[in-house]
Structures are given as C-alpha cells and as structure tokens.
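Encoded as structure tokens, the structure appears first; notes follow it.
The values are calculated or read from the model by the stated rules, or taken from the named source; none is laboratory data. Owing to the predicted nature of the structure, the values given are computational and were not obtained by experimental measurement. Backbone-built Cβ (ideal geometry, glycine too); neighbour counts: all protein chains shown. Accessible surface areas use protein heavy atoms only, side chains included; no ligands, DNA or RNA. Shrake-Rupley method; radii C 1.70, N 1.55, O 1.52, S 1.80 Å.
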Amino acid sequence: MSEEKKNLNPQVASPVSSSDNIGKGKRHMGLKAKTIAGNTIIYVILVAMTVIWLFPFVCILFQSFEVDHTNMTGNILPVKWGFDNYIRLFTSTDFETGGFGRWYVNTLVISLATAVIQTIIVLCMSYTLSRLRFKGRKFLMNFMLVLGMFPGMLTMIILYRVLADLNLIKQNAIPGLILVYVASSGMGYYVSKGFFDTVPKSLDEAARVDGATRAQVLIKVILPLSKPIVIYTLLTAFMGPWGDFVFASYIAFSTSAGMNVAVGLQSLIATPSAMSANYTMFCAGGVLVAIPITVLFLFLQKYYVEGVTGGAVKG
Amino acid sequence: MRRYSDLEYLKLNKLQRFFYKIACFFVGIPGFFKRLGIKIWQFIKKIGLGIANIFVDLFLTFKNGDYKTRISYVLMGFGNMMRGQVGRGILFFVFEVVFILYMVFYGGYWLKMMPSLGLQGPEHIYDPDLDVWITIYHDNSFKILLYSVLSIFFIVAFVYTWRLNIKQNKIAQDILNTSERKELENEKKAQVKEYQLNHDKFVATQDEKAERRSSINKKYDDLVAALDINSRTYKQDKKYIESNRRFELARINKDPKIVAIELEYKDKIDHTGKPLKSGKDDLQSLVDDQFHKTLLALPLIGIIIFTVLPIVFMILVAFTNYNGAENNGYSNNLFHWVGWDNFNTILNWNSGNKAYSAAFGEILGWTLLWAFFATFSNYFLGMVVAIMINKKGIKLKKFWRTVLVLTIAIPQFISLLYVSKMFSDNGMILTFMRDHFHIDPNFSFIGTSANPWVARLTIIIINIWIGIPYLMLIATGILMNIPADLYESAQIDGANVWQQYTKITLPYMLFVTGPYLLTSFIGNMNNFNVIYLLTGGGPTNAAASTAAGSVGYTDLLVTWLFKITTGAGAEYYMASVIGILIFVVVSILSLIVYNIIPSTKNEEDFQ
Amino acid sequence: MASVKLTEVKKVYQGNVVAVHNFNLDIKDKEFIVFVGPSGCGKSTTLRMIAGLEEISEGTVEIDGEVVNDLQPKDRYVSMVFQNYALYPHLTVFENMAFPLRLDRNYRVFPLNEKEREAIQKKIDSGKLNEKQLEEAKEALEKGKRVRGFPQEEIYKRVTNAAEILGITPYLTRKPKALSGGQRQRVAIGRAMVKDCKVFLMDEPLSNLDAKLRNQMRAEIILLRKRIDTTFIYVTHDQTEAMTLGDRIVIMKDGFIMQVGSPTQVFDSPNNLFVAEFIGAPKMNIVSSQLVKEGNKYFVTPFGSKIEVDGDKGAKLLEKGIETRDILLGFRPEHAVLASKPGPNTIKVTLLVNEMMGSELHLHLLTDDNTQLIVRVPTIQLTDKEREEMVAGKELYITFEGKVMHFFDPETEISLLCEENSPSKQNIEALKEAAQVK
C-alpha cells in the first residue's frame, strides 16, 4: 500500500524551498512591485482619460461666459467674463419670435409627455412578450425585429405628410412630435423585456394560485418589483427628445416656434456668418440644456446602470 | 474527404486543425445549400397547406352549418346575436357596416386609381375675371397611393375579422349542437307530441292564470330562499332560478303539464356540455387569460399606423418616380409607377445613370467599414477601460465611472456639434497645433479640403470618445458576473494577465454580448447623428456627387438618404430604394451572424 | 377537503413531446398522496395541471366532483407551496400571508361582534326602519353580516393563527430577504394555509433546505397534516420523504405511472424493476438467475447456490403456473444475512469495501463472477473481533430467505407476481415500447 502512495506523486517540487529566505522575500516583493507599477500606469491612464473626456465640456462652460463674439480660436478662458450670452438667448430679437425660451419649453413639454406615455407603452409591450404566452408571440417578435431593420428615416417623409394633413407641423409641431415618438415606441422593448425575464416565474404562479387575475399579478406583484426598470425607461424616454435632431427639424420646418432645442441651437451656428455671431450663445445654450439633464442623470444613475447592465445584455 | 472522429481531431496540432477546419467549411457548402433548399421548400409547402386548409375549413363550416351560421357568412354577427352573445354580435355587425360604407364611398375610388396613380395632373388655368393664373390640382398621386394602401390594410383587417366571425359560429354551433343535446331535443318533442295526442287542448281562464302565476312565483321564491348564501355558486344559481321563473311565466297560456315537460328538458339540456361565453365572461377574460390582448392593443395600433404603414408605403414609392421637388412649376405633381427602373439605376443592372451605382458602391463600402471599426473599437476599448477600473486595488472606482457616465448624460448633439467645431479648420485644436507644432497650414481634419482618409480616421476616433462610456457600463456589469473562482483557478494553473483575458474574460464577454454586438453594428451602420453632426458627410466627393446631392467621403447610406430627401432634388424614390437596400444588407448580415455565433447556438454553455 | 380525480390526463408539449401519459388516479378526501420519481418524470407537470398552471392536453381533472379543466387557478380553490418559496419580496411576512385573503371576492357570512350587534339593535329599536329593512336587520342579528371578501379582523385572525402554528410570529413584520431558508419555507406554507382550500399542493418544498433542516421540516409537515385536515398532494424526488409522509405513493417514470400503493405495498411488492430499485436505500440487489420448479416447490439458483422460495410467494407462483425460467432476482441489502458457514443455500463473496455507518455496516461484496452486491449488517450482530476482521479481501458467505425475494422478467422488467390487469403493468409495457422507439 505505501509503495503505491509514493508513486502517485513522483516529484514534489516546491517552487520556493523553505530554506531560502532571501529568495522568498524577493519574490514576495516582486509581486507587489508589479502590482504597484501596474496600478500606477492605470491611474495615469484614468487621469488622462478624465481630462480628455471632460475637456470639451469645460471648454463649453467657459466659452459660454465669453462676452466677445467669435471665440473659435484656441482661447479657452474668456477674455471678458459676463452673462451676456445667457441673457441674449432669452431676449434676443435676432431670430423669429420664440427664441431659446420657447425652444426650451417646447422640448420640456415634449420630453415629459413622451416619458410618461412611452414608459407605459414600452412596459405593456415588454411585460406581455416576457411573461404572457399566446399564439403569434414568436411571430410578433420576429416581425418587429424585421421592421427594425428598416432605417427610421425612411418613414420620415410620409409621417410628415400625414402630420401636415392633420395640421400638426410647424407651430403645432409639439403634439405631432409627441405622437410620432410615442406611437412606435413599442418596438424598443428589448431592455425592459430582458429585465422582466429575470423575475422568477414562480412569483406569478404563486399569485395566480392565490387568486389573482393576470392583470392583478402585473399590478400587485410585478410592478412593485420593477422600480429600476421603470425609472430607466422613464429616464431614457425623457432624454430622447432633447437630442433628436433629424425628425424634429423636418417637422418643425424652420418655424422657430415649433423647434426643439436641438434644432434651434443648430440653427444658431448653421451658417458661417451665423456661427461667428452666435458661437458663444450656442455654448451658453448648450450649458443650459446639459445641466438639468446631467443633474437628473446623476441622481438616477444607479437605475440607469442597472437597466443597461441588466437588461441590455440579453440582447 | 474523410471526417475525423473526435479523438483523432484532438491528435492534430494547431496548424493541422486550422487547415482541417477550412477544408470542412468548403466541403460543407453544398450540403448547407441543400439543407437550406429543403427548409425553404418545406416552408412553402407548409404555407400552401395552411391556405388550402383555410378554404376547406370555410367550405365545410358552411356545409355543416345551421341557418344562423350560414347567414353569418353575409351578415356578420348574426350567429352571435341569435345565440345570446349580443355584445360580440353587435361589434361584428357594426364593423361590417362601417367597412361597406367606407369601401363604397371612399375605398373604391382610391383602389381604382391605384394602378395609374392619377390621370389628370395639375394645370395652370387662366382666370379671366381675376386676371391671374391659378393652379388647379386634380389628382394627387400621393394621396392616392397613401389611401389605397390604407384601403388594402382595411380590406385585410376585414377579411381577418370575417374569418374570426365564421370560426366563432362554428365553435358555438359545435358546443350547442352536440349530439347529446340533439337527442334530448328530440326526446322532448316526442314526449310533448305524445301528450298532445292523448289530451285535449288546454284553455285557461283569467283566474286560473292568476292562480298559477302566484303559485309559480311562490315556488321560485322558496327556491331562492333555500340557496346557501355562502356558496360559491350563489349568484349563478340564483340567475338560473330566475331564468326558469321567467320561462314558466312566459308559458302561462300553455298546458302546465307540457310546460313541466319542457322545463325538465330545459334543465337537462342546459346542463350538458359547456356553456357559451357571455359578455361578462368576455370582459372578465380580458383581464385574465386574454390580458395580452388588452396590453398589446394600444402599442400595436401605434406601430401599425406609424411604422408598418409608412414602410409599406415607402417600399411602394421605390417603384415610382415620386419626388417632392418643384416639378414643372407645380409643387405637387403626378408621379407614376416605374417598375424596377430605380433599382436598375442604383445597382447598375441596365447601365442606367452610372453615377448612382458608383456612388452607391463607394458609400456602401465606407458604411460597412465604418460600422465595423466603430463597433469593435468601442467594444474592446470599452472593455479594457472597464477591466482597468474594476481591477482590485484601484481606488475611487465610482468617481472614474461617474466621470465617464457624465458624457452619456450630456445630449449628443451638443457634444458632437461642439467637438466638430473644435476639430474644424479654424477650431481650437488646429489653431493650437499650428501655433505650437508648426504643422502644414493646409492640414485639415474634417474640413472641406481634408484628405478623405484623415477625415474618416478622425471621426472614428471621435466616435470612440462618444462610445466608450456606454460600453464601459455594459462591460462592467458583465464582468461582475464572471465567477471569481475561474480567475483564481487560472492563476493557480499559471496563466498570466493576457492569457486570463483571452481565455476567460474575452470568450465570456463575446458570448454574452454576441447579440448586442450585432445590434450595435447595425446601429452604427445607421448612425446618422455622429456623421451628420461631425462632418455633414464631408469632405465632398465630387465624383459621387454627380448622382444626387453633395455626397461626401464620410457619408453613410443613411446620411445620403437624408440628403436626397431634404435636398433640392427631393428624389424620394431614390431614397426609398436606398432604404430598401439598407434593409437587405442588414437582414442578410443578421441572418448570417445569428446562425454562426455560439451565443444563439449553444445557449447553455455559460449557464 | 375534497377528492381529486384524474382521468386519462395527458400533457403534450409543442413538438409532440409527451410529458405525462394517461395518468389515472383517484385521490380520496383527506388523503396524503405523494408523487415521486426521478427528474423529468412528469410529477411536477401533473401537479401544475391540477393547480391550473399548465393546460391539460387531454383527459379531465375533477376536484370535488367538478371538472376543473377550464377553470383558472383562482377558481379551483387550491393552495400551493413552491420549491423556491415564491414569496413576494416587496411585502412583509404578514402581507405575504394576507395576500390571498385580500384577493378573495366571494360573499361570506361573518358573525357580528359586540359593537355591530349593538348598532343594529339600536337601529331596530329606534323604529325608523320600514318592514323590509327591519327583516334584514333581524336576519343579520341572527345569522351574521354578509360581506364580500375578508374583513380586516378576519384576516388578522387567520394570519396570526397560522403564524403561531408555524412558529413565525416574531417575523411578521420582516421582509422575506431578512429570513433564513427554513423560515421562508414556513411563511410559504403559512400563505397556503390561510385560504379556504380544497386541495393542498406542495412542489418539492424541502429540496432547497439542508439535510438537517429537511428532517425537521418533514416531521413538521406530518404535524401540519393533522392540523389542517385536508387533501394533500406532495411532489418530491426523495423516496425517503415519500415513504414517511404519504398515505399512498405514486411512482412515476418518464411520464408514466409505475405503481400506486401505500408505502408498505410499494416496499414489499414492487411491480417492476424500476420501483424495486427506486424505493429503499441502498438499492435492491439485482442479479440474473434462474427460477427452477421442482414439483410444487420453487428454487432460485444465484451463483451456484440453491435457495427455496417458500411461503406465500411460492404459493402465488404456483397459482400463476410459472415454470422454470430465467429471471432477475432481487433482494434488499437489509434482508440478506451473513451465514456462519458455507452451505448449499449460501453465496460465496469477497468483501470489497466496508462502510461503517454507525449502527450498521454496509458491506460491498464481490461474487465470483464479478457481480457487486451490498449487504447491510447491524453492528451489534458482530463481535468486536468479527468487526475488526471485516477488511477488504475477506471471504464471506451470505444467504437470504425465500419470503424476501423478488422476481422480475429479464425482458419486460415486470415483477412476476404483479397482477395481470394492473394499470401499472400497461404503463410499464408502454414505457418499454416508447424507450425502444427512441
């Protein structure tokens, strides 16, 4: 028996022999030094990245305070500080009636309405596709997948015509935009569906055995557990309209009263002459748009991250 | 070629395995196509059989139907109403009326005009009274196309509803006319007849009727009182008793013995088989087993009207010559079907306008290149950043992540517009470089005179700046899910950092984010914002621009589409064609990728 | 408080995968039935069909005489305890248990409490009521108030009662994530207890607990059963649970019922090889052998020995007219004994491994033709010296009596003593066919 034991482990070679104290110590420190070196490099990279990433925004912030006009050449710090740009945004009569204030309110209205309605629609869609089983479910999912492969811009023209017939363009662009954003939002169900997929089915079943109808299961059991994804959907739905340029510009059709901030700000620097006159105003406008969204985002960052990492991954 | 067994394959070294795999791939191609052909043929057969089945079903239902079912073929909802499902019947009937009215007054007209898309175009007419030229618009091709597509949708919806109506009739008939019930009905009739033969006709006086009425009422009142209030079926039982009461009271003129027989059989018949769903049942099921219909109704309507309809419309436009430009002085001129002409032009099938196909080819090439680099550069760099931040021993993890996440918060159009100005010819960066590094004053990143490839490289790099934060977030989430003991075991086995990355992290990440990479690739192919806001598609590509609009070296297919649509020419038809081609490319890519990547084939590998 | 009857119940999934074949079972009121079998045998699917969570492809399920195929779970009056407890994470323990009570929408009559009684009496005395109202008030005084659903006091009463029985009263205000596995399990049971239910369903409730807790909970379930006097249907893969808890056991394999019977029946007279090996641990020893008929006596001849089949079994074999044939012979490890000396009815074996289990030794033995057998020997039967000598390589002799033997047909694996028309027999044959088709 004991012979067998020996043969199983022919060489028991120890990497560090116990008698070699000096060698042990050196190796030990070598590992630590490597880690420290590695970490330092990483810190350096991270700091560099922070600078690079934040640089443009710092620039915008500073340049928005520049009272002088064309500040395109390398000066970051304003020559002369002042709030002129901000004031001019709201009071200037250079463009048609409306101006920045109008754009801001427009966009705010659009995004609030969109946030609420879109969340409801997306949640309905994703819950149904995730938990309920019905004939044609697979077909529906495949169908929407195929629909999504068409570029969105294609539908722009006809939607514009339809909205025009309904008189929802130009000045009345706001309801028109809301309608368009919301109507097809059901197709963006993937992230929410991924989230719902992770809620255990036995909760549904326990509730149904306890006497709940499917509607009650959704309202009483699933929704209270879905706070992260609801907030994520609300947040993304809210942020969307602030950045939509293509569609908003097409529908607003150069009527200032109907523009949202994206289109409006772009019109400020659309031509070179406009650019030289309004560049700093554009910066100011950018700051005003960026700040509330950034603040909102920071507050709800936790939910956003959870939504992206939890739901988006499943595809 | 001989296929190796598993054990034999393990014997080969890396090079041999590589060649073996290539050989297998090529050898497998004919087999692949054969299998594909078989699958397609089976699919066609299935559809054909399905359609045939539907017709057979319709025919049989009519043949076996009672009069209620047969009339329902023409008058929708008739069968439902006659059988007690009033709510459903009314809905069906109203829908039919609306449809017929619509088709007669509107739909017919639009559909008639559809093949020609309008016969009489707009014209200028001189009005002598007002001494001015007026424009009179007659047929409007756009409206014709739009409304005839709507009418077709409506027709499809109607056919579907009609078929639903027939199906419900069939089901109801089956439930109510089971052989059991038929037998019972016949028994009842026989008994009644026998009784009538043996007895005289019955006539009741007023007093007798009143007496009978009160005795019937008493009988049923007692029955109701005797019901157990706590029983689950209390309400149902009460309802049934009341219906029996009404039954008897209605037959007060009949011989009570006959009524007794009829009542006895009514009880028996009512309790055989399943009951039909009542209106209340329907409402109740809408929140329970049919809840999906309730939830999906609104979203689906939105999608059909605002996505499906426009896409169908635009596909049709690709076969016309619809443009939105001023045409002979008319802002809304007629357009017509042109068949495959537009496709010819763009794909150069019949050597049409060569410029278009050349432009298309070049833009397509750059689109694919851009999508590839944009996606993968962001992906790998984002992963690297995530790993760096996630590493043990790095402090302030939250801070680094927040900084990066901040850039997601700021609306893209601001960042992009601003950065594009930074990199422009008079912008911050070039000024800085000219002042301090004395570079060639003509050097331009993304301006109009820039080298196309410099411009392309620049926007890829700027896109990295935009995209890394998103990828970092996703990668962080996934990295946290990789079990730590995988790494520990690898360390014990002697793997260094790079090996751990390629053998553990990378495979896991690729597996989990496979589908995401595909969607990201497609998204980048259609990434309008980045290209348009950064460069507007420039620097201009003179050769390609002879086709339409001002095409640039950094134009994607989508930006080209946008330019065509909003440009002076407004050749909507070309835009549609491009849109369709984008769809084709994307779908082929998706199909191939989905069938190759292991994420969908071996779903359980990592679970 | 109801009987359950399953008639020809079948469950077919898409793609023609049959999960449950022709399930027929009559469960009497207040019976404790256990569905047991290996993973994937269809026991959970059957349970879920009874609960209403799965659609029934064919056949009927009747609860209390009423066909429930088309009823939603909430209309069937069943309670269910899930394997992973399925507690609502956002509700406290109290609310979890109160959840089914709050959803109830039936009319019930409750006795009045003092205050309400006085109030109604006052109304009657005040004389302000007309005739009809007077009658209603008098009726209310007599019978009690008619209310929809459960009033708050009733909910409180029921929940605290159940909590006390289960010993979870101190946790009533906690949320599930602050409880251990065993406590969560009790809350799940509590939630199922508070309803008026006809059938109490349990889907592998003890699988997620550690071994010690499992034993404890098993005893508690037996106590629970005495408290709630209702019909229980319990699903498990652990045959020990099945044997200790069930009045009757239903053993399933691949969607077929293999045998239905009380624990004793299933242990003493397994219908086929699968049941014989499934019940009892360690597994029954199965060896190929011959059944020899000499006159009116039967003998088995494993490994060169000759052992008589006596008593009832011999008589039954005679009844069935079984002749000499090949069989698979089965005997349980605890039924074999060590023979003190070799003889015509002993089998010569060599000891491979000796597992010391405390009160008994599990001896893994090897016969001359390399068949492995297991025999359980109580420790007290051996002297200290004998115990020390139990090392690998020792030669031993074992034997067993005729009345502990089981005989199986080598091809169909059905017990020779199985009744001709038992449905299990049909199922076993069908199973064999299905396996061969694959």
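Taken over the C-alpha atoms, the stretch C:1-87 has Rg and Dmax values of 12.8, 38 angstrom. Three principal axis extents of the stretch B:1-115 based on alpha-carbon atoms, in descending order, are 78, 40, 25 Å.
For the stretch C:72-125, the C-alpha radius of gyration divided by 2.2 N^0.38 Å, with N the number of residues, is 1.78. Considering only B:A297, A:S64, C:F278, and ranking their Cα positions along the charge dipole of the protein assembly as shown that arises from unit charges at the beta-carbon of Lys, Arg, Asp and Glu, the one farthest toward the positive end is A:S64.
Counting Cβ atoms of other protein chains within 10 Å of each residue's Cβ and taking the mean over peptide C:192-198 gives 1. The residues of the stretch B:471-530 present an accessible area of 47 Å² per residue when probed at 1.4 Å with all protein chains retained. Across the stretch C:258-387 the C-alpha pair distances fall into 5 Å bins from zero in the proportions 2, 9, 16, 21, 20, 17, 10, 4, 2, 0 percent. Dipole orientation for the protein assembly as shown: of the candidates B:I578, C:L338, B:S215, C:L338 has the Cα lying most toward the positive pole (charges on Cβ; Lys, Arg +1; Asp, Glu -1). Probing with 1.4 Å while keeping every protein chain in the model, the per residue accessible area of the stretch A:96-314 equals 36 Å². A DSSP coil position with no more than 14 other Cβ atoms inside 10 Å describes the following GluC sites (Glu not before Pro) in the stretch C:332-414: C:E411. Inter-chain neighbour count for B:286-294: the average number of beta-carbon atoms from partner chains within 10 Å of each residue's beta-carbon is 6.
A simple charge model with +1 on the Cβ of Lys and Arg, -1 on the Cβ of Asp and Glu and nothing else charged puts the dipole of the stretch C:107-148 at about 240 debye relative to its Cα centre. Solvent-accessible surface of protein heavy atoms, probed at 1.4 angstrom with all chains present, puts B:S141, C:S340 in the order C:S340, B:S141, largest first. Considered as an equivalent ellipsoid built on the Cα gyration tensor, the stretch A:96-314 has semi-axes of 38, 20, 14 Å, the largest given first. Which of rounded, prolate or oblate describes chain B when judged by the alpha-carbon gyration tensor and an a/c cut-off of 1.5? Prolate, because a/c is 1.5 or more and a/b exceeds b/c. Mean partner shielding of peptide C:67-80, defined as the number of other chain Cβ atoms within 10 Å of each residue Cβ, is 3.
For the stretch B:1-70, the set of trypsin sites (Lys or Arg not before Pro) satisfying both a DSSP loop assignment and a count of at most 16 other C-beta atoms within 10 Å is given as B:R2, B:R3. Annotation for the stretch C:271-334: trypsin sites (Lys or Arg not before Pro) lying in DSSP loop with at most 15 further Cβ atoms inside 10 Å of their Cβ are C:K283, C:K306. Buried surface between chains B and A: roughly 7900 Å² of accessible area, summed over both sides, computed with a 1.4 Å probe on protein heavy atoms only. Model label sites at C:E355 and B:L12, defined 7 Å from Cα along the beta-carbon direction, differ in position by 4.5 nm. Only Lys, Arg, Asp and Glu carry charge here, each on its Cβ (+1 for the first two, -1 for the last two); on that basis chain C has a dipole of about 1840 debye about its Cα centre. Does the stretch B:6-64 come out rounded, prolate or oblate by the C-alpha gyration tensor, with a ≥ b ≥ c the root eigenvalues, rounded set by a/c under 1.5 and, if not, prolate when a/b is larger than b/c and oblate if not? Here the stretch B:6-64 falls in the prolate category.
Let me know the shape class of the protein assembly as shown, please: from the alpha-carbon gyration tensor, a ≥ b ≥ c as square roots of the eigenvalues, rounded when a/c is under 1.5, otherwise prolate if a/b is greater than b/c, or oblate. The shape class here is oblate. Give me the Debye-computed log₁₀ of I(q)/I(0) at q = 0.22 Å⁻¹ for the stretch A:166-229, equal point scatterers on Cα only, no solvent, two decimals. Summing over Cα pairs of the stretch A:166-229 leads to -0.90.
Taken over the Cα atoms of chain C, the convex hull encloses 203 Å³ per residue. With all protein chains kept in place, the per residue accessible area of the stretch B:70-176 amounts to 57 square angstrom at a probe of 1.4 angstrom.
If eta is 0.692 mPa s and T is 37 °C, what Stokes-Einstein diffusion coefficient results for the stretch B:70-176, Kirkwood Rh from Cα pairs, in µm²/s? For the chosen part, D equals 197 µm²/s.
Along chain B, counting only GluC sites (Glu not before Pro) with a DSSP assignment other than H, G, I, E or B and at most 15 other Cβ atoms inside a 10 Å radius, the longest segment between sites is B:1-325. Solvent-accessible area lost on pairing C with A (1.4 Å probe, both sides summed) amounts to about 1700 Å². Near C:T231, the amide H atoms lying under 5 Å from its own belong to C:A2, C:K30, C:F200; only residues 5 or more places off or on other chains count, and H is placed 1.01 Å from N. Cα convex hull, the stretch A:106-159: 106 Å³ per residue, rounded to a whole number. Within the assembled protein chains, the solvent-accessible surface assigned to B:Y4 is about 90 Å², based on a 1.4 Å probe. Treating each Cα of the stretch C:107-148 as an identical point scatterer and summing with the Debye formula, the log10 of I(q)/I(0) at q = 0.15 Å⁻¹ comes to -0.34.
Simple rule: put +1 on each Lys or Arg Cβ and -1 on each Asp or Glu Cβ in the stretch A:96-314, find the dipole, and look at A:L140, A:A173, A:L296; the Cα lying farthest toward the positive end is A:L140. Phi angles of the stretch C:72-82 translate, via the Karplus equation with coefficients 6.51, -1.76, 1.60 and θ = phi - 60°, into HN-Hα couplings of 5, x, 6, 8, 8, 6, 10, 10, 9, 10, 8 Hz per residue; Gly and Pro are given as x. Using the Karplus relation 6.51 cos²θ - 1.76 cosθ + 1.60 with θ = phi - 60°, the per-residue 3J(HN,Hα) values for the stretch B:11-22 come to 6, 5, 8, 4, 5, 4, 4, 4, 5, 4, 4, 4 Hz, with x marking Gly and Pro. I'd like the carbon and sulfur percentage of the solvent accessible area for the stretch C:107-148, probe radius 1.4 Å, heavy atoms only, ligands and nucleic acids excluded. Using a 1.4 Å probe with all protein chains present, the stretch C:107-148 comes out at 49 percent carbon and sulfur. For chain B, what is the charge dipole size about the Cα centre, in debye to the nearest 20, if Lys and Arg each add +1 at the Cβ and Asp and Glu each add -1 at the Cβ? Using Cβ point charges on Lys, Arg, Asp and Glu, chain B gives about 1860 debye.
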